[in-house]
Amino acid sequence: MVVPAVKESYFLHADCLIHGPTQEEVIISTNLSKKYLVNIKQNVLSAQSRPTLRSAGAGQRIYSSAQQDGVYALGTSSGVGICQWEGVPNATGKIETDTSFYSVAWVGTNILACGDNGTIIEVDGRAQQKCREYSSHSGSVNVVKVRDDNSFVSAGYDGICRIWDRRTGGVSKQFTPSSWASAARPKLGTHITALDVWDDWVVVGGGPNLSLWYMKEDAGVSLLDMGGSVPAIAKFAQDTIIAAGDDSFIYHWNLSGKLKYKVTSKLSRVTDLHLDTVSRNQPFLIAAGSPAELNVFMDLGYLSHTVPYLG
């Protein structure tokens, strides 16, 4: 995902990677509002190289996606799209707003979405209408991640990471990564561009250095060194943290904050990662960014091949 706090390049790059209709395919949504369906196994664009994804609207950008049981939630530049893949991507609904939604996540049968108006909305995935709104952030909310059915985590421009209780609709805990002196980078700001949650662990970064926090203690546990890079994406792969940003490396740490290894990609900047550790015998990781190509890593760390896509 490209976060608005980062000045965009005029070169083609990926906004986000979306699960394709099979495990061998991935959809790329780009900053130029173009969309491609790529077969990563055959290393070529599919014959259906520009899937409609009509729920995004013509010319609209897709910033984020989440897939559950074949139904796609899409965070777009004009609202939240809901799309089901039946040979082709068929739109089943759209919540039209003036808000750009930078992050979406499924919680049960509902969808959480956050964007540039400072709120998080909850959409009833069956009725396909907004059913709730969460307000506490000031400025855009860049990322929302689900912890469990009753709680989720959000962060954005104001630099505050909030843990929400869906049962009450309020914030149960919050912390500010830049308040930790080791993580603070005043010259880069306090905004947050990367966030993920796993159990009681939160990984978060942006203006502040990427850091690992333990919710039960409300404390930063480890600083995750990216050599000064600004993280664009961070993910938990169970007890491993994977992150990337505005350099060519993909970093892997354990929960103790020890760098296990960093993988060199052929990208100058990584904007999104697609991780699959469940559906195949050999787990793989796909990195997208700039220049306009995918880097496919087998076993999460071995660069197998690259797949270019056109501007």
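Please go through the residue pairs Lys130/Lys173; Lys34/Lys173; Lys216/Lys266 and name each one whose alpha carbons sit more than 28 Å apart in this structure.
Beyond 28 Å between Cα atoms: Lys34/Lys173; Lys216/Lys266.
Let me know the shape class of the stretch 115-212, please: from the alpha-carbon gyration tensor, a ≥ b ≥ c as square roots of the eigenvalues, rounded when a/c is under 1.5, otherwise prolate if a/b is greater than b/c, or oblate.
Note, shape of the stretch 115-212 comes out prolate.
Using DSSP to define loop residues, name the trypsin sites (Lys or Arg not before Pro) in the stretch 116-220 whose beta-carbon has at most 13 other beta-carbon atoms within 10 Å.
Those that pass, being in a loop and sparsely packed, are Arg126, Arg167, Lys187, Lys216.
Is the stretch 219-266 rounded, prolate or oblate when judged by the Cα gyration tensor, a ≥ b ≥ c being the square roots of its eigenvalues, rounded requiring a/c under 1.5 and prolate requiring a/b larger than b/c?
Details: a/c = 1.79, a/b = 1.44, b/c = 1.25.
Cα axes put the stretch 219-266 in the prolate bin.
Along Cα→Cβ, 7 Å out, is where each label goes; now give me the distance between the ones at Gln238 and Lys173 in nm to one decimal.
2.4
Each reported figure results from applying straightforward, stated rules to the coordinates on display, with no laboratory input. Note that the structure is a prediction, hence the values are computed from the model and not measured. Ideal geometry is used to build each Cβ from the backbone, glycine not excepted, and the neighbour counts take in all protein chains shown.
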